[in-house]
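Report on the following structure.
The values are calculated or read from the model by the stated rules, or taken from the named source; none is laboratory data. As the structure is a computational prediction, the values presented were derived from the model and not from experiment. Heads up, the Cβs are rebuilt from the backbone with ideal geometry, glycines too, and the neighbour counts pull from every protein chain shown. Quick note on the areas: whole protein, heavy atoms, side chains included, nothing else; ligands and nucleic acids left out. Shrake-Rupley method; radii C 1.70, N 1.55, O 1.52, S 1.80 Å.
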Amino acid sequence: MTRERKLQFPEGFLWGTASSAHQCEGDNCNNQWYRWEQQGRTLTGERSGAAANWWQQAERDFELAEQMENNALRLSLEWSRIEPEAGRWDESALERYRVLLRDLRQRHMTPLVTLHHFTDPLWFAERGGFAREENISYFIRFVRFVVAHLRDLCSFWLTINEPNVYAFLGYLTGEFPPGERDVLRALRVLRNLMAAHVQAFYAIRELQPEGQIGYCLNYRPLDPATPWSPLDQAVASLQDRFYNRVALQLAEGQRFPWPLSLALPAVPRAAGARDYHGINYYTRDLVCFDLGRPAELFGRRFPRPGALMQDPGRAGYFGEIYPEGLYRVLHQVYRSTRGNKPLYVTEHGLNDSEDRLRPRAILEHLAMLHRAIREGLPVRGYFHWTLVDNFEWNEGWGAHFGLVELNPQTQERRPRPSASMFGEICRANAITESIVERYAPEAVTTIFGSATALGGRTQVLT
Ligand code: FCB
């Protein structure tokens with residue numbers, strides 16, 4: 001008799017979903033994203049409005065996560081609620097977060113709390129936000145306040161979500177607020193965010209020595225469109241350096257590449273200032289040399305022709321579904337940090353309103369993650385973006401990343417097939433052949449090597 005083939009994950013592996021306050025809570029009317037929406041600057045002109053109504057009813061979605069037997073959940077605190085004016089604290093907002101964290105714990109889900117996920121209070125944005133180094137102290141004061149008040153309920157913190165996305169989309173391409181296009185400013189913001197992470201790390205460490213404190217970056221492999229073309233290689237590597245590598249190097253205490261290092265100092269005390277590295281991975285691009293694109297370092301990005309694609313967005317494509325990219329990024333981060341800390345996939349997901357490709361995509365990405373673990377990488381958890389469809393920043397309501405479908409008008413929820421599949425994986429702490437056969441039979445071969453269970457084996461990790 002053959003045993004069922006499966007990819008078993010290590011005991012204690014964290015399974016969850018990731019979300020952010022502004023995208024889910026609703027009626028966050030005191031941050032720079034709200035203002036951006038009011039000014040009609042999202043691509044669709046849409047507004048977050050009631051979002052997924054988490055400020056009133058997050059618990060109903062936590063229940064869905066509990067049914068999926070998730071043992072963790074990533075959410076963020078909305079700074080502009082807790083500190084609506086500089087130095088004024090709203091105890092009732094804080095109490096709401098205490099209720100949510102308690103609720104998660106009662107459901108046996110470890111909360112991973114993000115302290116900054118793209119939104120700034122208006123008063124902070126008006127003072128110049130993270131473009132001014134002296135403003136970092138406001139963020140640290142907020143961090144101290146919330147950690148002091150929540151440390152009995154949470155010990156797993158993510159300081160800043162995707163400094164590279166916040167800096168480059170807000171200050172280089174102008175797609176996010178404040179809509180600027182200034183490369184030096186973008187790099188300064190990136191540097192200040194990494195400095196803010198480091199200072200937040202030490203502040204939390206002092207208040208809660210046992211806390212697990214990290215940050216996350218968005219990683220997007222950028223490959224030369226024609227692998228043997230020196231020009232494509234050069235522009236792909238240059239873009240890769242700025243998008244994927246500079247922030248990680250700053251986090252490791254290294255300098256900006258020369259001559260930028262003359263204008264932008266390294267981040268003091270950075271080396272060692274994290275307990276884990278968070279990895280957000282969605283897709284990759286091909287890059288070809290293009291003289292017409294000086295602002296993009298002469299590289300034009302596009303998805304691989306013929307690739308499986310996520311649903312398109314307003315701004316263009318959301319990208320290819322490329323599971324191997326996750327494996328490559330895990331190795332890249334492990335290598336660049338000399339394997340110094342555990343890794344968590346703090347986001348991965350896809351825009352797929354019909355759930356056409358999501359089951360297969362989740363399975364194949366997780367199989368790649370499993371492969372990395374098998375090879376010895378310390379990957380400790382996976383947070384799928386996201387639990388319930390939510391307000392996707394500039395893309396508004398047109399993007400559907402949820403395991404659960406949401407109708408924002410009626411607030412009705414409808415779990416997609418992926419939700420029950422993810423539940424089965426979390427319950428089994430494994431990808432079993434039966435799960436693959438039922439949800440994405442086309443992936444049996446990519447995951448288990450051959451289409452039949454003959455010679456089946458269990459890959460158990462210790
Ligand atoms: C990430 C963001 C997250 C969400 C997903 C789709 O870059 O952190 O808020 O927008 O992309």
Amide proton proximity set for Gly313, modelled H, under 5 Å, gap of 5+ = Phe318
Heavy-atom accessible area of the chain with neighbours in place, 1.4 angstrom probe: carbon+sulfur share in percent works out to 50 percent
Residues with amide H under 5 Å from that of Gln212, placed H, sequence gap 5 or more = Phe156, Trp157
Measuring from label point to label point, each 7 Å out along Cα→Cβ, what is the Arg414 to Glu437 span in nm?
-> 2.9 nm
Residue by residue, what Karplus-based ³J(HN,Hα) values in Hz, rounded to whole numbers, does segment 188-203 have, using 6.51, -1.76 and 1.60 with θ = phi - 60° and x for Gly and Pro?
-> 5, 4, 4, 5, 5, 5, 5, 5, 5, 4, 4, 5, 5, 4, 5, 5
If you put +1 on each Lys and Arg Cβ and -1 on each Asp and Glu Cβ, how big is the dipole of the chain around its Cα centre, in Debye rounded to 20?
-> 1240 debye
Going residue by residue through segment 59-68, the Karplus relation 6.51 cos²θ - 1.76 cosθ + 1.60 with θ = phi - 60° gives ³J(HN,Hα) values, rounded to whole Hz and with x marking Gly or Pro, of 4, 5, 7, 4, 5, 4, 5, 5, 4, 7
If you average the sequence gap of Cα pairs under 8 Å that are 6 or more apart and divide by the length of the chain, what percent do you get for the contact order?
-> 21 percent
Given N residues in segment 234-330, what is Rg(Cα) / (2.2 N^0.38 Å)?
-> 1.28
Considering only Val246, Leu101, Asn280, whose Cα is most displaced toward the positive end of the charge dipole of segment 6-460, charges sitting on Cβ of Lys, Arg (+1) and Asp, Glu (-1)?
-> Val246
Within segment 155-222, which GluC sites (Glu not before Pro) sit in a loop by DSSP and count at most 13 neighbouring Cβ atoms inside 10 Å?
-> Glu210
Per residue, accessible area of segment 6-460 with a 1.4 Å probe, heavy atoms of protein chains only, in Å², comes to 38 Å²
Output the antiparallel fraction of DSSP beta bridges having both residues in segment 6-460, as a percent to the nearest 5.
-> 25 percent
Using 0.36 nm per residue of separation minus the Cα-Cα distance, give me the extension gain between Ala271 and Glu126 in nm, one decimal.
-> 49.1 nm
In Å and whole numbers, how far do the C-alpha atoms of segment 1-148 stretch along each principal axis, longest first?
-> 68, 39, 29
Unit charges at the beta carbon, dipole of segment 6-460: most positive-side option, Val329, His370, Ser229 | Ser229
Where Rh is the Kirkwood radius over Cα pairs, Rg/Rh for the chain | 0.95
